[in-house]
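The values are calculated or read from the model by the stated rules, or taken from the named source; none is laboratory data. Computed from a prediction, not measured in an experiment: that's the story for all the values here. All Cβ positions, glycine included, derive from the backbone under ideal geometry; neighbour counts span all protein chains shown. Please note that ligands, DNA and RNA were not included when accessible areas were found on the heavy atoms of the full protein model with its side chains. Shrake-Rupley method; radii C 1.70, N 1.55, O 1.52, S 1.80 Å.
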Amino acid sequence: GAGVSQTPSNKVTEKGKYVELRCDPISGHTALYWYRQSLGQGPEFLIYFQGTGAADDSGLPNDRFFAVRPEGSVSTLKIQRTERGDSAVYLCASSLNTGAFNEQFFGPGTRLTVL
Amino acid sequence: AQSVTQLGSHVSVSEGALVLLRCNYSSSVPPYLFWYVQYPNQGLQLLLKYTSAATLVKGINGFEAEFKKSETSFHLTKPSAHMSDAAEYFCAVRPGGGADGLTFGKGTHLIIQP
């Protein structure tokens, strides 16, 4: 079956612009996670959803970052007034449910470059 | 709060030699621990996970890891390295209750010498 997909695979934008990154989780997975991976670093947790609601958004760096999952499936990560420091690979993962025993399946990521 | 430290950003071994990738964690509650592998231009893939059922955990591709509470460690090993093992390896921790996001280490790049 299909895995987690993310679009676009690459996004180049200019400082100050608005961007949207999309994640399509594995069908039937109720939990969805966003991470950010900067060069030479491990992934950093941003936010996760259980169904339509954000269960934990403690990793969002500031109020320029926002994520939605209106129908409990596809999610969009939105970044306003982008800054050069936002350049990173944004990873999405999904799992059947939340909880320690549930494996998170990762997508290939969206590489965001802010010029 | 929890954290993960991976010793050695790069590890180089010869093909056929033992692979040892180190991971130490800190967690205020009993942790769940994971090793992920990232091949070039691919997504993260779960190698194995510790969820308190057994301290020695076997994963895919011949990898295993041992949870040692007294040392707060969860080192990854493989008896004999293959060229195909060359990749980036990440150790991650998830607290036993509450927040569900993973906390990752910085990763170790494994290089296999022919």
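Taken over region B:64-89, residues that are within 11 Å of residue B:35 (Cα to Cα) and in contact with a Gly (Cβ under 6 Å, 6 or more places away or on another chain) amount to 1. The residue that is least open to solvent (accessible area, probe 1.4 Å), among those in region A:47-62 that are polar (S, T, N, Q) and more than 11 Å from chain B (Cβ to nearest Cβ), is A:62. Quick one: in region A:79-115, of everything that is of a type outside the set (A, V, I, L, M, F, W, C), touching a Lys or Arg at 6+ places or on another chain (Cβ under 9 Å) and not in a loop (DSSP other than H, G, I, E, B), which residue is most open to solvent (accessible area, probe 1.4 Å)? Of everything passing the filter in region A:79-115, A:84 is most open to solvent (accessible area, probe 1.4 Å).
Scanning region B:71-95 for residues that are open to solvent by 40 Å² or more (accessible area, probe 1.4 Å) and in contact (Cβ under 8 Å) with a residue 60 or more places away in the chain turns up B:79, B:80, B:82, B:83.
Residue count for region B:67-114 under the criterion of being among the acidic types (Asp, Glu), at pLDDT below 95 and within 27 Å of residue A:95 (Cβ to Cβ): the result is 1. Yes or no: region A:50-62 includes at least one residue that is more than 15 Å from residue A:111 (Cα to Cα), among the acidic types (Asp, Glu) and in contact with an Asp or Glu (Cβ under 7 Å, 6 or more places away or on another chain). Yes; the residues of region A:50-62 include at least one that is more than 15 Å from residue A:111 (Cα to Cα), among the acidic types (Asp, Glu) and in contact with an Asp or Glu (Cβ under 7 Å, 6 or more places away or on another chain). Counting only residues that are surrounded by 16 or more Cβ atoms within 10 Å (Cβ to Cβ) and hydroxyl-bearing (Ser, Thr, Tyr), which one in region A:67-78 is farthest from the other protein chains (Cβ to nearest Cβ)? Of everything passing the filter in region A:67-78, A:73 is farthest from the other protein chains (Cβ to nearest Cβ). Regarding region B:62-70, can at least one residue be identified that is under 15 Å from the mean Cα position of the chain (by Cα), surrounded by 12 or more Cβ atoms within 10 Å (Cβ to Cβ) and within 11 Å of chain A (Cβ to nearest Cβ)? No - not one qualifying residue is present in region B:62-70.
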